[in-house]
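This report refers to the structure that appears directly beneath it.
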Amino acid sequence: GINAEYGESSGINAEYGLTNHLGAPEDIIRTANGACIGSLATFFNEEELEKLIRDKILSQGPTKEIRHGQALAIAGLMRYAPSRMSKMDLIGPLTGSLLKFMDSDNVQVCNAANYAAGRLIIHLQDSDENQDYLGKVVALLAKNCGHNSSNDVRSFANNMVHMINIAGVQPLSDDLVKSLLVPLLDSTTKKIPAVRSSSEVAIATLLRLKANEDVANRISSNLDPKSLEIFNRFLPTAKRVAGENRTHNGHENNIFSFLPEV
């Protein structure tokens, strides 16, 4: 009773302290803030937590540092407390803010949001809840994998597709797989090593080529001519990549990886 109440109250005070540092000048502080907000949100008083999220995190801040901190906070919530966000009916509002951050022209904001999107997709596939948001988030992640994105955003978004693929949750539907596959195929033709390499791994795990070619055969029958040409040329490489160790490693995809597990 008293301890629980004290823990919640102390947590809320800590949380408000953290949100005051969302726009800290140092990247590492903003990133640590996001992780702390997410992990502490697992036990906060729901009413105060919801007020804090709506007041401090959902509305886009005035500076790129604050927006980066807000995107990282959403990433933390999706990484550490997605089930609680769902229970509190906050997946919808958080997704609405997340989509705006994913569309940012600032690389840091966009990539923090891409990571949050990856964690949200994993949660949605695992819980089978809030499926109406899934298509919107996947569509914007696919856009960030595409040719209009900077190389940094493109390679990071590709890595998020891979992270989703190896998370051990329900595989994406064929329609969603296709929407991601088309920009990933285009990335395999690029000269930038990080873009090309990340797309190769993402395709190998997206099509689950280590197991068989069933998904690849289904999806390829519905590709446009240009994508199909790239697909047919790339398939032998994808099958080789599917057997490599890099297709099983997701550690580098966690923006909070420098922090201890909670």
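The values are calculated or read from the model by the stated rules, or taken from the named source; none is laboratory data. None of the values given here were measured: they were computed from a predicted structure. For neighbour counting, all protein chains shown are included, and Cβ atoms are generated from backbone atoms with ideal geometry for every residue, glycine included. Heavy atoms of the whole protein, side chains included, go into the accessibility calculation; ligands, DNA and RNA do not. Shrake-Rupley method; radii C 1.70, N 1.55, O 1.52, S 1.80 Å.
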For a quick check of your reading of the model, give me the residue pairs whose first member lies in segment 200-229 and is without any contact (Cβ under 8 Å) to a residue 24 or more places away in the chain, whose second is open to solvent by 10 Å² or more (accessible area, probe 1.4 Å) and in a loop (DSSP other than H, G, I, E, B), with beta-carbon atoms closer than 7 Å and at least 6 apart or on different chains.
Ala216/Leu209
Does segment 111-137 hold any residues that are surrounded by 19 or more Cβ atoms within 10 Å (Cβ to Cβ) and either in contact with an Asp or Glu (Cβ under 9 Å, 6 or more places away or on another chain) or among the basic types (Lys, Arg) (or both), and which are they?
Asn111, Ala113, Arg119, His123
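At pLDDT below 90, of a type in the set (Gly, Ala, Ser) and in contact with a Lys or Arg (Cβ under 8 Å, 6 or more places away or on another chain) - does that describe any residue in segment 242-254?
Yes, that holds for at least one residue.
Would you confirm whether or not segment 44-56 contains a residue that is among the aromatic types (Phe, Trp, Tyr) and either under 17 Å from the mean Cα position of the chain (by Cα) or open to solvent by 40 Å² or more (accessible area, probe 1.4 Å) (or both)?
Of all residues in segment 44-56, those among the aromatic types (Phe, Trp, Tyr) come to 44.
Now drop any that are not either under 17 Å from the mean Cα position of the chain (by Cα) or open to solvent by 40 Å² or more (accessible area, probe 1.4 Å) (or both), which leaves none.
Scanning segment 44-56 turns up no residue that is among the aromatic types (Phe, Trp, Tyr) and either under 17 Å from the mean Cα position of the chain (by Cα) or open to solvent by 40 Å² or more (accessible area, probe 1.4 Å) (or both).
Answer yes or no as to whether Ser220 is under 18 Å from Asn114 (Cβ atoms), in contact with a helix residue (DSSP H, G or I) (Cβ under 8 Å, 6 or more places away or on another chain) and among the small types (Gly, Ala, Ser).
Working: under 18 Å from Asn114 (Cβ atoms): no; in contact with a helix residue (DSSP H, G or I) (Cβ under 8 Å, 6 or more places away or on another chain): yes; among the small types (Gly, Ala, Ser): yes.
Criteria not met by Ser220.
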Conditions first: (1) in contact with a Pro (Cβ under 9 Å, 6 or more places away or on another chain); (2) open to solvent by less than 50 Å² (accessible area, probe 1.4 Å). Tyr80 passes all but one, so which condition is the exception?
(1)
The residue from Leu99, Leu72 that alone is open to solvent by less than 10 Å² (accessible area, probe 1.4 Å), part of a helix (DSSP H, G or I) and of a type outside the set (Asp, Glu) is Leu72
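For segment 142-191, give me each residue that is of a type in the set (Asp, Glu) and either buried (at least 24 other Cβ atoms within 10 Å of the Cβ) or touching a Lys or Arg at 6+ places or on another chain (Cβ under 9 Å) (or both). Step through it out loud before you land on a result.
As a first pass, look at segment 142-191 and keep what is of a type in the set (Asp, Glu): 152, 174-175, 186.
The answer is Asp174, Asp186.
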Of all residues in segment 204-230, which are open to solvent by less than 60 Å² (accessible area, probe 1.4 Å) and under 19 Å from Thr189 (Cα atoms)?
Ala204, Thr205, Leu206, Leu207, Ala216, Ser220, Leu223, Ser227, Leu228, Ile230
Within the set of pairs 6 or more residues apart or between chains, which connect a residue that is under 15 Å from Arg196 (Cα atoms) inside segment 129-154 to a residue that is part of a helix (DSSP H, G or I) and polar (S, T, N, Q) with Cβ atoms less than 6 Å apart?
Asn144/Asn114; Cys145/Asn158; Val153/Asn144
